[in-house]
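Notes for the one structure printed next.
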């Protein structure tokens, strides 16, 4: 087996580096923190060195790098995440990309062998990519508030999708009129939202109380203004968490309810299940992205499980209708 890196692999490396360079450049123009801006410019410069290297290698095999383009889908996705979902998820996707790049370059290095023509340069590039990944990981670690808010949003949305869909699918097996099903679903959504808010508040309150206790212990030996500010901020965490979870639970419940306001029952049932499956896939893809796990697998699993819940609860409701001859509305 040849230990040369194939032309198609070099093309992929070149396009990846051009795409990353362009995104770092765009991002550096949009962020306000000077330190972050300078770091992004530096990252773009390093990626540009990689671009130059792969450009030279491609010319040696007769490929004009000027005719190669950035990965537009990847770049547009990054810009979308940055604009609509915030800096945190854009950074997480960059970190995910850096890990993928490290794996690809390591495979190329193994193929070359320790004394290969490109081995030394590949080792340097791998080290650069590792440093980039560590840089983004450090940024994420410093963004605890953003991480917590994203977790609360996804927690509220996921439960809103599944619980309301499950309840409405079960009711569809018993109730006849779609409007009655929609009204029942709205009642479920309101009660579920209040329940979720209470649960999120109590859970967060326990964590907040522990954090405050630890800070107050330290204040026995020091008296700093930032400790007082930190305690004041921690005291608001529980309310923020409860509000976020409850609000997004209520908003997400509109997805399974809406079809019953417009379509006949059977059409609404199918459409409701399909919409929630898609919404669950998207939200769980974002979760997977935020924790750096497999995106497609998480999305597919969430979609199929939500459909399974809906079908099971509809079957239960329909069984009550058949066995006990219950049919309302």
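Overview of results
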{"item": "FRET efficiency, 1/(1 + (r/R0)^6) with R0 30 Å, evaluated for residue 311 and residue 72 via beta carbons", "result": "0.20"}
{"item": "Cα-projected label distance for residue 191 with residue 29, points at 7 Å along beta-carbon direction, nm", "result": "5.4 nm"}
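Computed from the coordinates by the stated procedures, all read-outs in this text should not be read as laboratory data. Computed from a predicted model, the values in this text were never measured in an experiment. Cβ coordinates were reconstructed from backbone atoms using ideal geometry, including for glycine residues, and neighbour counts include every protein chain displayed.
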